[in-house]
1. Any idea what angle helix 172-182 forms with the longest principal axis of the chain, computed on alpha-carbon atoms, 0 to 90 degrees, nearest 10?
2. Which distance in nm do the two modelled labels at residue 61 and residue 224 give, with both placed 7 Å along the Cα-to-Cβ direction?
3. What's the exposure ranking of 317, 368, going from fewest to most Cβ atoms within 10 Å?
4. So, in nm, how far is label residue 286 from label residue 210 when the simple model puts each one 7 Å beyond its Cα toward the Cβ?
5. Do you know the relative contact order of the chain, to the nearest whole percent, from alpha carbon pairs under 8 angstrom that are 6+ apart?
6. Using 0.36 nm per residue, how much length does the chain from residue 70 to residue 314 gain when fully extended, once their Cα-Cα distance is taken away?
7. What is the Cα coordinate range of the stretch 144-285 on the first, second and third principal axes, sorted by size from largest, in whole angstrom?
8. Please work out, to two decimal places, the log10 of the ratio I(q)/I(0) at q = 0.16, 0.18, 0.21 Å⁻¹ from a Debye calculation in which every Cα of the stretch 2-150 carries one identical scatterer.
């Protein structure tokens, strides 16, 4: 199971299939799939869109607390998988009879496991919510429980290059999905007129250079009882070999009016190893010039829910619309909007609206063909 941003389920399925998964089916905020261990390792290293990748280990009837307790006991050979020297964490989604709160359900899973450990060893594991040795995921639905292992341990959107983030950060996997939806493929210039931390540009450049997003991080699956180091190394080498340093990429440029945020973006770009590919320019977009030719504009401007107010932002959107009409004739623009009233001030006609959920905010990924 791949946990995906809402609105990117179909894109997520395409990515899973391209990396070797089969029997892939879109679900709400997720996709189911089948994969061997080599493919599962590959997905952790190379997939850009999932938040998490879950490996199902048990499925059992669950009509209440006792069913859950008994099912967890028999789900795995816990003597092999969870020694008391290891830490663990339990995440829960869904409900079952008598199990209506995720915290309570997680507590029942924990109780089952530590009771079993005490019976086997006379001691128990500790809980680690941030960096567990074994991350478990329980999903309850229609009287059934599905217990899975979380191979990442922490969300896969954290690539590691973004130590500095703005006030309303766009998650890396969502940014990658937005670029994928835009259709930009590295053959034309790409510009973000209000780039913030630079995440849209970084994810775009990583995509066209085949830079695997999972390189340089540790995964919870490396602590699994059946972890295959040789197979993991093969997939690690395979992921590294895919990266092709750019020789002739078109300009990839971000404009940022706040000098401090522009410096943060440059640091993020350097940390991502893309300093030779992406240029961050300080200054308001109204003072900037687009590169020659026809290209693609992408942006995630503020929409008044986390940053600024509608009154403050009206002038910003009017200025952005004027800039685009004056400089970007023939270009395509993709803009993430969480406020239709504000995007109306652009005075541009949309040709496509794709529903996207950004951190709980109902948004649209808007496409404009500039004339």
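1. The angle comes out at about 50 degrees.
2. Going from the residue 61 label point to the residue 224 one covers 2.9 nm.
3. Arranged by neighbour count, lowest to highest, 317, 368 become 368, 317.
4. So the two model labels end up 4.5 nm from each other.
5. Answer for the chain is 15 percent.
6. 82.0 nm
7. Answer, in whole Å and largest first: 53, 34, 28 Å.
8. -0.91, -1.09, -1.29
Computed from the coordinates by the stated procedures, all read-outs in this text should not be read as laboratory data. Quick caveat, the model's predicted, so the values are computed rather than measured. Note that we place each Cβ from the backbone using ideal geometry, even for glycine, and neighbour counts take in every protein chain shown.
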